[in-house]
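To keep things clear, I will list the structure first and then write my remarks on it.
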Amino acid sequence: MARKLDDIMAALPAQRRARIEGRAMELATLKDLRKAAEQTQENLAAALGVGQDTISRLEKRSDMLLSTLRHYVESMGGRLELVAQFPNRPPVVIDHLGIEKSSSQIGSSRTSRARSARVAA
């Protein structure tokens, strides 16, 4: 007789069940995230200003720009964080990657570089 996954999971010790559920969350796909946020492809497409077919293709991709992923997550009300992990060091959250600079920020960074070059000379 076939057993249901829910029955198997319920029979496991709580600690083991928590590890399995945690690992399952690590393996979440974009589709899983969208469904967990109770969004349809159509709703998400409207929020991003694209067609539903674009969302379908996006959810099947294995490689994409971070800015695209950030827009996808933010359109569901989430926030994307990129964390670099190294052996024997605490994790590092990488900020401002995939976020477009405004023209005033770009101009001020050019001015800062020019000022730094003059000081060094």
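Of the residues making up the range 75-97, those that are closer than 17 Å to Thr40 by Cβ and free of Cβ contacts under 8 Å to residues at least 24 places away in the same chain number 0. Kindly indicate the residue of the range 18-32 that is within 20 Å of Leu82 (Cβ to Cβ) and modelled with pLDDT of 85 or more and also surrounded by the most Cβ atoms within 10 Å (Cβ to Cβ) among those meeting that condition. Selected residue: Leu30. Remark: pairs (first residue in the range 49-64, surrounded by 11 or more Cβ atoms within 10 Å (Cβ to Cβ); second residue of a type in the set (Phe, Trp, Tyr); Cβ separation under 8 Å; 6+ apart in sequence or on different chains) = Leu58/Tyr72.
The values are calculated or read from the model by the stated rules, or taken from the named source; none is laboratory data. Computed from a predicted structure; not experimentally measured. Ideal geometry is used to build each Cβ from the backbone, glycine not excepted, and the neighbour counts take in all protein chains shown.
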